[in-house]
Amino acid sequence: MSWRDFDQLLPHDPLLVAVVVEHNADGTSTVQFPNGSLLRVRGQGVPIGGHAFLRGGEIRGPAPAVTPVVLEV
């Protein structure tokens with residue numbers, strides 16, 4: 001197996017987490033990232049208000065809610 005063969009097995013799109021804010025009539029959803037930006041993605045498999053895993057512009061499934069933690073040193 002060459003490096004190129006191995007590299008093709010790895011995902012090239014990052015796995016992201018966002019909150020679903022709207023389901024659209026065309027089968028897409030609008031999601032919001034922690035920084036406030038919005039993105040329209042394919043799929044409606046996660047309810048509005050739920051956290052979703054996203055990859056390649058598509059909802060891949062529900063994600064656990066992530067609570068920010070602040071550590072003081």
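The values are calculated or read from the model by the stated rules, or taken from the named source; none is laboratory data. Source: prediction; values computed, not measured. Note that we place each Cβ from the backbone using ideal geometry, even for glycine, and neighbour counts take in every protein chain shown.
Show the residue pairs meeting these rules: Cβ distance below 7 Å; 6+ apart or different chains; first residue within the stretch 36-56 and over 20 Å from Pro11 (Cα atoms); second residue among the acidic types (Asp, Glu).
Ile48/Glu22
Filtering the stretch 5-26 down to residues that are of a type in the set (A, V, I, L, M) and touching a residue at least 40 places away in the same chain (Cβ under 8 Å), which residue is surrounded by the fewest Cβ atoms within 10 Å (Cβ to Cβ)?
Leu15
Within the stretch 42-49, identify whether any single residue is in a strand (DSSP E or B), of a type outside the set (Asp, Glu) and modelled with pLDDT of 95 or more, and answer yes or no.
yes
Please find, among Ser29, Ser2, the residue that is surrounded by 10 or more Cβ atoms within 10 Å (Cβ to Cβ) and among the hydroxyl-bearing types (Ser, Thr, Tyr).
Among Ser29, Ser2, only Ser29 is surrounded by 10 or more Cβ atoms within 10 Å (Cβ to Cβ) and among the hydroxyl-bearing types (Ser, Thr, Tyr).
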